[in-house]
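Encoded as structure tokens, the structure appears first; notes follow it.
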Amino acid sequence: MRQKEEEHLGQYLAHFTDEVRAIPDVHPSLVIQAFMIGIRPSRLFWLLVEQPPTTIPEMLQRANQYVTAETLVAEKREDQKRPRGEPSRGPPLGLSRRRVGRGEQNVSRSPNVLLNSTRIEIFLQIREKGLLKTTVIIVASTATNGTILRNATT
């Protein structure tokens, strides 16, 4: 019994379970193998290949959990879709997204540090802006052949 192209996994699972119950004394490994052969390639299929179930109840539980998760994701997608006529949830177009109650603060910003600046140039710019809370001493390290910035308390 194979899952049809338009058949939802939950429907196939129900049909498969009914068919298996109608067969007396069927071996569990045969049922698991038949299920894996019958389902269309999907994430569930590959999860079952990677970690094969050892019992029929385990296989059915994992398949049902997958169907439940798949249904919830589909419902969430539908909830997030809005008709084009519905107004957007954000602020009206043309208005900025500033927080209400925030004062008009015009902070003059200096140009960004160039990407090809040396570490020392970057450090000096940071120090000039007054962003350092502690004194920083530049120590040349011979072990790493680079520059290390070490904090020192004053």
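What follows is calculated from the coordinates using simple rules that are stated; it is not laboratory data. All values reported here derive from a predicted model rather than from experimental measurement. Cβ atoms come from the backbone with ideal geometry, glycine included; neighbour counts cover every protein chain shown.
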_Per-residue ³J(HN,Hα) for region 52-68, Karplus 6.51 cos²θ - 1.76 cosθ + 1.60, θ = phi - 60°, Hz, x for Gly and Pro_ = x, x, 9, 10, 5, x, 5, 4, 5, 5, 5, 5, 5, 4, 5, 4, 4
*Ranked by how many other beta carbons lie within 10 Å on average, peptides 42-51, 62-71 from highest*: 62-71, 42-51
*Taking the Cα-to-Cβ direction at Arg127 and at Val49 and moving 7 Å from each Cα, how far apart do the two end points lie in nm?*
6.0 nm
*So what's the gap between the Cα centers of region 1-33 and region 37-80, to the nearest angstrom?*
14 Å
*Enumerate the amide H contacts of Ile39 below 5 Å, restricted to partners 5 or more residues apart or on another chain; note that Pro and chain-start residues carry no placed amide H.*
Gln3
